[in-house]
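Student: Attaching a single structure in structure tokens format; questions to follow.
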């Protein structure tokens, strides 16, 4: 297209140039000018022709290059088509492989499902058996631990209880030892006073243990000597029995009735009185402990026949032992209270103990005519019936 356009332009240019020359020649009528113009036209045509030829050669080269590129593109297309065909074949094979894999997967899934179900059943049964066995072992172990703990705790509790009892026993004995240690000078002085003012006819019994304390014995002997009782009643027997009999002897008469529930102590007291020549002043009576009715219930107390015991001037309450039961000595006044003579004196030993203190309070409540008359030594109290 460009070559045709160039040729057309060259042809037009040449015609124009000839026309111009012709006009100019006609005007000027000069052949030289016409020749010159013609030469110029030929030169212009030559140049135009060369330009056209050059452009045609360039165009041919471009078309040849384009042909090569088209041929190369055609070859590339052929190769692409071949590659596409190969890819399609490969895709087909892949589809076949995928189909086979799907079939294999379905088979595996089916087998896996069956195997998994079977395996799960096996695992469940195994877990159930293992759980039962483990639970049995745990139950056995727990039972053993509980049994061991119970046994250990029971033994520990028993040991603690025993230890507590031992501590309380030690505290009581320590307190008692402390009291007795503080009382030793007074006890020594009281014993010296007794043996000096009332010389014994034979060796004296031990004043320790359950015996009445020496200061109380001094006050007891002094009470007998000052009041000269005709009848003294003693609940219990022992060292106090000897010293009351000694006071009655020195005072010129009187009688002592002593109730004792243990035959062994009764025989020891009897032998002691015989040794000191004082048995004539004492009526020793064996009186076992029996249930005895009182306003505050039944108590284990002396089984006595009190018909011949009238007008008691002095009542000494020193038995039965506190271990017999709570307020063990309380029945003394409910049983013998009506036998007391006007102005009678009641001496209670061991008033440092709570039971004896409460017992005295009960008596004071029940017998308005009874009043306190003061302490006798460290551990006894005198009451007087108005």
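Student: Taking 8 Å as the Cα distance limit and 6 or more residues as the minimum spacing, I'd like the relative contact order of the stretch 198-385 as a percentage. Working shown, then result.
Tutor: Numbers: 339 pairs, mean separation 36.6, N = 188.
For the stretch 198-385, the relative contact order is 19 percent.
Student: I've got another one for you. To make sure I understand, if each residue's beta carbon is the centre and we count other beta carbons within 10 Å, what order do 122, 327 fall in, fewest to most? Write out the running numbers ahead of the final one.
Tutor: Values: 122 10, 327 18.
Fewest to most other Cβ atoms nearby, the residues stand as 122, 327.
Student: Report the label-to-label distance for residue 153 and residue 228 in nanometres (one decimal), using points 7 Å from each Cα along the Cα→Cβ vector.
Tutor: The modelled label-to-label distance comes out at 7.3 nm.
Student: Quick one: 281, 330, fewest Cβ neighbours within 10 Å first, how do they rank? Can you show the working numbers first?
Tutor: Details: 281 19, 330 26.
Result, fewest neighbours first: 281, 330.
Student: With a point put 7 Å past each Cα toward its Cβ, work out how far residue 271 is from residue 56 in nm, to one decimal.
Tutor: A separation of 18.0 nm, rounded to one decimal place.
Student: Apply the a/c threshold of 1.5 to the C-alpha gyration tensor of the stretch 274-386 and tell me whether it is rounded, prolate or oblate.
Tutor: Working: a/c = 1.30, a/b = 1.15, b/c = 1.13.
Rounded shape, in that the Cα axes give a/c under 1.5.
Student: Give the peptides 354-363, 188-197 in descending order of average Cβ contacts within 10 Å, highest first.
Tutor: Details: 354-363: 16.5, 188-197: 13.9.
Highest mean packing first, the order is 354-363, 188-197.
Student: Fewest Cβ neighbours within 10 Å first, please rank 244, 304, 312 accordingly. Let's see the in-between values first.
Tutor: On the way: 244 26, 304 18, 312 23.
If I rank by nearby Cβ atoms, fewest first, I get 304, 312, 244.
Student: Okay, moving on. Return the Cα extents of the stretch 198-385 along principal axes one, two and three, sorted largest first, each rounded to a whole Å.
Tutor: Here the Cα extents, ordered largest to smallest, are 44, 32, 32 Å.
Only the coordinates and a few stated rules stand behind these numbers; no lab work does. None of the values given here were measured: they were computed from a predicted structure. With ideal geometry, Cβ positions are generated from the backbone for all residues, glycine too; neighbour counts draw on all protein chains shown.
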